[in-house]
Amino acid sequence: SDNDTNDNRYTYVAWNWKETADAGFDIVSYTGSGSAKTVAHNLGVKPDVIICKSRSGAEEWRPYFSALGATYGMRLNGTNAKDDDAGYWNDVEPTSSVFTVGTNAGTNGDGVTFIAYCFSAKQGYSHFGSYTGNANAEGPFIYTGFRPAFFIYKSSTTGGEEWKILDNKRDPINRGSQRNLNVHTNTAESDDANSIGEFVSNGVKIRSAHNNINKSGDKFIYLAFAENPLVTSKGIPATAR
């Protein structure tokens, strides 16, 4: 009966992933040491995204993105730009079997327990990367190879810009997905014409010049998922709705 999950005045949204290497998703629990160490994962390929959170300490969410590299870290619960800090990932890229954490308390505090959500791209289902803003209402096209169901993005260049989530359940009409939810705050969704990412058959078309989705020269990080892994018998992504 808690208001966060079941208040009878509100509508809710939930996104769910199945943990399996076939879908490019692995969940890893580990205990920090305070000094650089490796942590094993079961993806069988290099992760594109690692989202790490302390379970027994009051540390921030720390994501790794292959589009930025292991030199940089960010905060999922903040609006900061990328940080050049070896403490997060020890400046070492993950491999097909392990990822490396440095000395930062947010990824490797001594004696602290952590959970890490590891993702690798899967043809026809998930795609991770970056795009560069051009401040044009006809903004960049982001090729994913599928029609997205879920899209999360953030400028890694400019601090103060928010993490935003678009999805096809809250905004199912193909007029341009613009019902944003912020990752790092408890605000309700906003119907924001300044932040339009239109879901098309093979990706996302940015249709706004606004700074929070298309600031000129900024590098935006994104995660995109299809509703199901849709690949034909010939290995070709099935993009039809």
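The values are calculated or read from the model by the stated rules, or taken from the named source; none is laboratory data. Here the structure is a predicted model, which means the values were calculated and not measured. All accessible areas refer to the heavy atoms of the entire protein, side chains included, with ligands and DNA or RNA removed. Shrake-Rupley method; radii C 1.70, N 1.55, O 1.52, S 1.80 Å.
General remarks:
- All lysines inside 20 Å of Lys46 as judged from Cα atoms, apart from same-chain residues fewer than 8 positions distant: Lys18, Lys37, Lys122
- Accessible surface of Leu43 - all protein chains present, 1.4 Å probe, nearest 10 Å²: 10 Å²
- For region 17-70: accessible area per residue (Å², 1.4 Å): 45 Å²
- Rg over Rh [alpha-carbon atoms, Kirkwood Rh] for region 85-204: 1.02
- The heavy atoms of Val183 offer some 50 square angstrom of accessible surface to a 1.4 angstrom probe.
- Rg/Rh for region 34-104 (Cα atoms only, Rh after Kirkwood) is 0.94.
- Ranking Asp4, Asp171 from most to least accessible surface, computed with a 1.4 Å probe over the protein chains only, gives Asp4, Asp171.
- Based on Cα contacts under 8 Å between residues 6+ apart, region 143-182 shows a relative contact order of 33 percent.
- Most to least accessible of Ser120, Ser33 (protein chains only, probe 1.4 Å): Ser33, Ser120
- Separation of alpha-carbon centers, region 167-217 and region 1-75, rounded to whole Å: 23 Å
- Accessible surface of region 17-64, 1.4 Å probe, proportion on carbon and sulfur as whole %: 47 percent
- 10 Å binning of all Cα-Cα separations within region 1-132, expressed as whole percents from 0 upward: 12, 40, 31, 13, 3
- Long-range tail of P(r) for the chain (Cα pairs > 29 Å, %): 30 percent
- Here the contact order of the chain, divided by its residue count and restricted to Cα pairs under 8 Å and six or more residues apart, works out to 20 percent.
- The 3J(HN,Hα) values that the Karplus relation (6.51, -1.76, 1.60; θ = phi - 60°) gives for region 208-214 are, in residue order, 7, 9, 5, 4, 6, 9, 7 Hz. Gly and Pro appear as x.
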